[in-house]
Amino acid sequence: MKASLLFLGLILLVYSCTSEELCEEDSISELVASFKTESGGVVSDTTISTKLSVYGIREGQDIWFLYDSVRDSEVLLPLDPHHDFSRFVFQTAEQTDTLTLTHSRQEYMISYSCGFGMQFTLEELQYGEGMFVKDTIINPLVNTSLEEVDTHIWLYF
């Protein structure tokens, strides 16, 4: 009798410690910004940045580095879920520019186990007269379901 109760207790203990659902999705909405150059009306396929550093600016929070001296053709930028704008500073050895993205935001249910995510709709891009000369919004909808081929904006050097 004791052995069967011990066995039953062990089975209940193991069963109660296993999770039925695990969240395998990311709940962060990241914008994909690809770098381009344009010459004579012809847009390059990709442009590799020269030792680019990117950091984010959020109201009431410390500045945080996203990229430090990378050479890449695109960056992922996490948008601010608490405001209708997001700001990022792009810096090379020669130039610095601040990119301000204006967007609307709406919460949506990812799943029961993952909870809610934020969906953003890009409205406008603003930057100074430093690094960027032009922009194009390719896909204004930014949410957690990021596909490998998703590009949201093009930034021209």
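Some notes on this structure:
- Average projection, convex hull of the Cα set of segment 76-145: 5.5 square nanometres.
- Percent RCO, i.e. relative contact order, over segment 26-156, from Cα pairs under 8 Å lying at least 6 residues apart: 28
- Spread over its residues, the convex hull of the C-alpha atoms of segment 26-138 is 126 Å³ per residue.
- For Ser29, the amide hydrogen comes within under 5 Å of the amide hydrogens of Leu79, Met118, counting only partners 5 or more places away or on other chains and with H modelled in the peptide plane.
- Per-residue HN-Hα couplings for segment 76-83 [Karplus 6.51, -1.76, 1.60; θ = phi - 60°; Hz; x = Gly/Pro]: 9, 10, x, 7, 6, x, 9, 9
Only the coordinates and a few stated rules stand behind these numbers; no lab work does. Everything numeric in this text was worked out from a predicted model, so none of it was measured.
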